[in-house]
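Read through the structure below, which is laid out as structure tokens, and then see the notes.
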Amino acid sequence: MYLYHYFDKSIGPFVSLSDLPMDEAKAIIEEIKAAKPHVQCAKRHPQYMEYRHYYEEVLRTEFMKKGGIIKRKSPHYMVVEHSPWLSTWHDNSDYIRIPIEEFDVRTISFTYGDSHPVYSPWPNPMDGKEYRRKLYTYDEILKIIRKYGLPQDWNDDGRFGPERYIEAHVWSDETIEKYIKNYKISTLRQTSVTT
């Protein structure tokens, strides 16, 4: 299994709005809306940051109940395997792919679908899908994948509901920092070769 993180090359990987004060995060969203109104990030609800902090608290609380190891206030967001839809979110899109073996899986939680719709009032939790309002450990998400497959394989366009990928919440910086450093080194080398 690989975890993917998609990002805009002009910003860099693992830059999180959740790590910023609320007013600063909202200002950045407004800048994106003004500069790039066509990108997916520009289509966020005006109260997106309030919702995001709320759902992150839900994820943190649920992961603590399962004995997860939490070393960050907010998680780094990744997805299980390649998501064609997420790869189109940025004008200057890039990704980092990390094998699951490089992580301490006790620091990663998962939702079958993006955590916002998984825990929001929509879709109807009575639709019979067992992965609504649930957070999974690594061993638990493997069972769900065996049962339902990867959402991007059967619902990349969202026709069958909000679940388009499996979201991974990385609650530690250890592995992430190594990949950020490697990405910066790689980018510097590419820049020096082209100049």
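Just the number, please: Stokes-Einstein D of the stretch 52-125 in µm²/s, Kirkwood Rh from C-alpha pairs, 20 °C, 1.002 mPa s.
Working: Rh = 14.2 Å.
The estimated diffusion coefficient comes to 151 µm²/s.
Okay, helix-only estimate at 222 nm for the chain: each DSSP H run of n ≥ 4 adds -39500 (n - 2.57), divide by all residues, round to 500 deg cm²/dmol; what do you get?
Calculated mean residue ellipticity at 222 nm is -12000 deg cm²/dmol.
Considering only the stretch 55-195, what is the antiparallel percent among its DSSP beta bridges, to the nearest 5?
90 percent
Just read off the accessible area of VAL118 with the full protein assembly in place, 1.4 Å probe, to the nearest 10 Å².
Accessible surface of VAL118 is approximately 0 Å².
Please check: in the Gaussian network model of the chain (C-alpha springs, under 10 Å), which one of ILE11, ILE98, ILE180 has the largest mean-square fluctuation.
Its mean-square fluctuation being the largest, the pick is ILE11.
Treat the stretch 10-113 as a sphere of radius equal to its Kirkwood radius over Cα pairs and apply Stokes-Einstein at 4 °C in a medium of 1.567 mPa s; give the translational diffusion coefficient in µm²/s, rounded to a whole number.
84 µm²/s
Would you calculate the separation in nanometres between label points at SER120 and LYS143, each defined as 7 Å from the Cα along the Cα-to-beta-carbon direction?
Distance between label points: 2.9 nm.
Calculate one ³J(HN,Hα) per residue across the stretch 160-168 by plugging θ = phi - 60° into the Karplus curve 6.51 cos²θ - 1.76 cosθ + 1.60, and present them in order as whole Hz with x for glycine and proline.
9, x, x, 7, 10, 6, 9, 8, 10
Could you give the spread of the C-alpha atoms of the chain along their three principal axes, from largest to smallest, in whole angstroms?
Sorted from largest, the Cα extents of the chain read 56, 37, 33 Å.
Can you figure out the FRET efficiency of GLU102 with MET22, using R₀ = 41 Å and their beta-carbon distance, to the nearest 0.05?
0.80
Heavy atoms only, probe 1.4 Å: what % of the accessible area of the chain goes to carbon and sulfur, would you let me know?
Looking at the chain in its full context, I get 55 percent from C and S.
Given the pairs LYS36/LYS71; LYS73/LYS181; LYS71/LYS134; LYS147/LYS181; LYS65/LYS181, which span a C-alpha to C-alpha distance of over 31 angstrom in this model?
Among LYS36/LYS71; LYS73/LYS181; LYS71/LYS134; LYS147/LYS181; LYS65/LYS181, the Cα-Cα distance tops 31 Å for LYS36/LYS71; LYS147/LYS181; LYS65/LYS181.
Using +1 at the C-beta of Lys and Arg and -1 at the C-beta of Asp and Glu, which of MET64, SER83, GLY161 has the Cα lying farthest in the positive direction of the dipole of the chain?
My answer, from the dipole projection, is MET64.
The values are calculated or read from the model by the stated rules, or taken from the named source; none is laboratory data. The model shown is predicted, which means the values in this text are computed figures rather than measured ones. Don't worry about glycine lacking a Cβ; one is built from the backbone with ideal geometry, like all the others, and counts go over all protein chains shown. Note: accessible area is taken over every heavy atom of the protein model, side chains too, but ligands, DNA and RNA are not part of it. Shrake-Rupley method; radii C 1.70, N 1.55, O 1.52, S 1.80 Å.
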